[in-house]
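Scroll down for the structure; my scribbles are underneath it.
Bear in mind that the values in this text are calculations on the coordinates, not laboratory data. The structure presented is a predicted model; accordingly, all values stated were derived computationally and were not measured. Neighbour counts are summed over all protein chains in view; Cβ atoms, including those assigned to glycine, are modelled from backbone coordinates with ideal geometry.
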Amino acid sequence: MKLPQWSATRSAMWIAAACAALSLAGCTRYAEDPSGGIDAAQLAAAAADPANWLTYGRDYAEQRFSPLDQIDAGNVDGLGLAWFADLDTARGQEGTPLVIDGKIYITTAWSKVKAYDAASGAPLWQYDPKVPGETGPKACCDVVNRGLAAWGDKLYLGTLDGRLVALDRATGKQAWSVVTVDQAQSYTITGAPRVIDGKVIIGNSGAEFGVRGYVTAYDAESGKQLWRFYTVPGAPEEAADEPAYLKKARATWNGEFWKLGGGGTVWDAMAYDPELDLLYIGVGNGSPWNQAYRSPGGGDNLYLSSIVAIRPETGEYVWHYQETPGETWDFTATQHIILAELEIGGTMRKVLMQAPKNGFFYVLDRATGELISAKNYVPQNWTSGIDMTTGRPIVRPEARFDLTGQPFVGSPGAGGGHSWHPMAFNPAEGLVYIPAIEAAFPYFPEAGWKPDPNRGMNTGIDLSAGSMPADAAVRAGAAAATKGALIAWDPVTQTERWRVPYPGPWNGGVLATGGGLVFQGNGMGNLVAYTARDGKELWRFAAQTGIIAPPITYSVAGEQYVAVLAGWGGVWPLSPGGILSEQAGPMPNVSRLLVFKLGGSAKLPPAPPLNRRPLDPPPFRGTAAQVASGGYDFGRYCSQCHNDAAMGSTVLPDLRRSAALESESGWRAIVHDGALKDNGMVGFAPSLSRARVEAVRQYVIKRANEDKALENARPAQARAGTGKPARRTLS
Ligand code: CA
């Protein structure tokens, strides 16, 4: 069916019609006040409102499918840049914009918010929550933000330092702000809030550092806390008063887990079924990762790595499905949740779909939590399959490094078979588009691990032990084995329909449209349009930077637009980013909002040069003991931002090239004393003594000299990274 051109008026009519069809209580309210604020009926009918993009996943089902069809396979080659806006942060941009009545609202790195006229790009207002720079190292995976929620005349933002902020949508002025976490702990917020019937639901992050996960509901008007749902039990003294679902969970834990936080943060996925009145949350990994330390003697550790259904009015537990019992691999179940109606075995089923980190694509009955099917969508070696009788993975004994005490190279690894990057679902094709990752991770259980309450990764895994060595062949092999793909997955048959392979694992979220198109940005710096049916590339735009955020689409005055945030960053470029540079050359961060339309003729300015200092370290004069100590500490305290084995980043300073290597005192002023803390580089006292900080310097000097020798040994034409940014294409 060819859908008509959309206009705001037509959208309002469709909303009213959809409301009537769904018999929703809020419809009358909307019909009486079509120009007013966002209400329950409008959000429930968001799928039938293609001019706007009202909530994070476009609708409560989070399908990220827009019926807009003005841009289609026949004319997408005429898609051009309508306008763009330069951003004032040069870190990973992961946000999904909202579009409401011709205005577009974005969040950027460091939790900033900006509003523009969605057709012309004229800036309207901006809001900076002024997150302290020293919050940065509390974030495992860059200082990113994924988006806003809308309700009434307000927008809602979670800030990196743990605030939930309400903004006046017309002016960007702060209406209220509440602190939703204990800011003394390593909590952060990167995910988008959702609003259900006047309640703002917000989760948080921090399970790499030792926190306890939960989601909280606040009154959208006043900011008053309404309920809090913990995903893991707390201290024993809380047991007497805790609800039944937490008592049930407590029986699945051992040891003094509450002293380590337990984990289970709800840092990204949520979805809502208005008819069943169920809120679905995806629960994260254990804290620490290594279950031998977290819950000695094992146990399922509910509700880690689970989908949990909650009554949004009260925060009451309804059902759960645990994808990875006894989680020990950083296998979060926080990945994108999509709700859909699928015909399975001749019956229409209300399903919930997820492709979590553990590599399996799950289809659940979303009324009951019953497992309908599960199949791996990327290669995996941690199970011999899923037992469909119990719904549990059949875990291979060697995968349990926590029990064997032996290293295990797992696929997927801690990066997952799929991370936060949103998928999309095209109902006409019956396909889910997965931005997939194929990468192994070396799990080296750390003997004698002790938690550090101040700084650093608290995983119980030695993050330096599996680091990329200074061996060209080994490095090339690891880079070749680390890749990505856009996979079109049939959730009914649990089979792959088609795929677009990528040389790197870190690519963008996905948008599907009624024009038969799938849009995705990638780690080589392109935004690409593919055919929904067979993945044929039809169009691409060179964005001068890696794109990880998902595109959206909307219309203004009958004209369809496609928008995406560009800006390289997130966990892969910061942490195992050396592999990415070996694959595709160094990728700069050029952070922008890019907006396209048919016939758009705007041009980007020339790509800025990638300014990198030469790789010219001082000679190594340290000791083997310093390299061992410094290597361990680098893995635990530095590698989350400055890369595995100090292999360098194009987003944050490449320490191999740092002038601070030159002197012990200069290095100490920064790394120990915190001279640059306002920039996000905190001091690591008291976690690291002066001697240990100096050992880190010696380790980095040694690594820099190794890599300089490697670079000198390479043919000149193969030396990427000392000049212009590499211009790798897909082919
Ligand atoms: Ca994690």
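Straight-line reach only, C-alpha to C-alpha below 20 angstrom: list the lysines that Lys597 could link to, leaving out same-chain residues fewer than 8 apart. Straight-line reach from Lys597, under 20 Å: Lys2, Lys103. In terms of other Cβ atoms within 10 Å, Asp654, Asp616 run from fewest to most in the order Asp616, Asp654.
Only helical runs count toward this figure. For the chain, summing -39,500 (n - 2.57) over DSSP H runs of n ≥ 4 and dividing by all residues gives -4000 deg cm²/dmol at 222 nm. With the charge dipole of the chain set up from +1 on Lys and Arg Cβ and -1 on Asp and Glu Cβ about the Cα centre, the Cα lying farthest toward the positive end among the listed residues Ile189, Ile100, Gln583 is that of Gln583.
In straight-distance terms, cross-link reach from Lys357 covers every one of the lysines whose alpha-carbon lies under 23 Å from its own, apart from those fewer than eight places away in the same chain; here that gives Lys138, Lys375, Lys483. The fraction of Cα-Cα pairs per 5 angstrom bin, counted from 0 for the range 149-265, comes to 2, 12, 20, 21, 16, 13, 8, 4, 2, 1, 0 percent, rounded to whole percents.
The string of couplings for the range 331-347 from the Karplus curve (6.51, -1.76, 1.60, θ = phi - 60°) is 8, 5, 10, 8, 5, 2, 9, 10, 9, 7, 9, 10, 8, 10, x, x, 10 Hz, one whole number per residue in order, with x for Gly and Pro. Taking amide H as placed 1.01 Å from N in the peptide plane, the amide H of Tyr214 sits under 5 Å from that of Asn204, Thr231, Val266, each at least 5 places away or on another chain.
Residue order for Arg475, Arg621, Arg697, fewest other beta carbons within 10 angstrom first, comes to Arg621, Arg475, Arg697. The spacing between the range 625-689 and the range 282-358, judged by their C-alpha centroids, is 36 Å. Take every pair of alpha-carbon atoms less than 8 Å apart whose residues are at least six positions apart; their mean separation over the length of the range 624-719 yields a relative contact order of 32 percent. Ordering Leu710, Val627, Val651 by Cα displacement along the dipole of the range 624-719 toward the positive end leaves Leu710 in first place; charges were set at the Cβ atoms of Lys, Arg (+1) and Asp, Glu (-1).
For the chain, DSSP calls about 95 percent of its internal beta bridges antiparallel. Taking the Cα atoms of the range 624-719, the ratio Rg/Rh between the radius of gyration and the Kirkwood radius comes to 0.99.
Suppose every Lys and Arg Cβ carries +1 and every Asp and Glu Cβ carries -1, with no other charges. What dipole size does the chain come out with about its Cα centre, to the nearest 20 debye?
Computed charge dipole of the chain: roughly 1760 debye.
Summing charges over neighbours of Ala149, with a neighbour being any other residue whose Cβ is under 15 Å away from its Cβ, gives -2 when K and R count +1 and D and E count -1. Annotation: amide H of Leu598 within the under-5 Å range of Gly80, sequence separation 5 or more or interchain, hydrogens built in the peptide plane. Couplings 3J(HN,Hα) for the range 550-559, derived from phi with the Karplus relation 6.51 cos²θ - 1.76 cosθ + 1.60 (θ = phi - 60°), are x, x, 10, 9, 7, 9, 10, 6, x, 10 Hz, where x marks Gly and Pro.
Sorting Lys247, Lys103 by the number of Cβ atoms found within 10 Å of their own Cβ, with the fewest placed first, yields Lys247, Lys103. Candidate cross-link partners of Lys154 among the aspartates and glutamates, defined by an alpha-carbon separation under 14 Å and a same-chain spacing of 8 or more, comprise Asp39, Asp101, Asp168, Asp197, Asp219, Glu221. Phi angles of the range 411-421 translate, via the Karplus equation with coefficients 6.51, -1.76, 1.60 and θ = phi - 60°, into HN-Hα couplings of 10, x, x, 4, x, x, x, 6, 9, 6, 4 Hz per residue; Gly and Pro are given as x. With the cut-off at 52 Å, report for the chain the share of all Cα pairs above it, as a whole percent. Across the chain, Cα pairs with separations above 52 Å total 6 percent.
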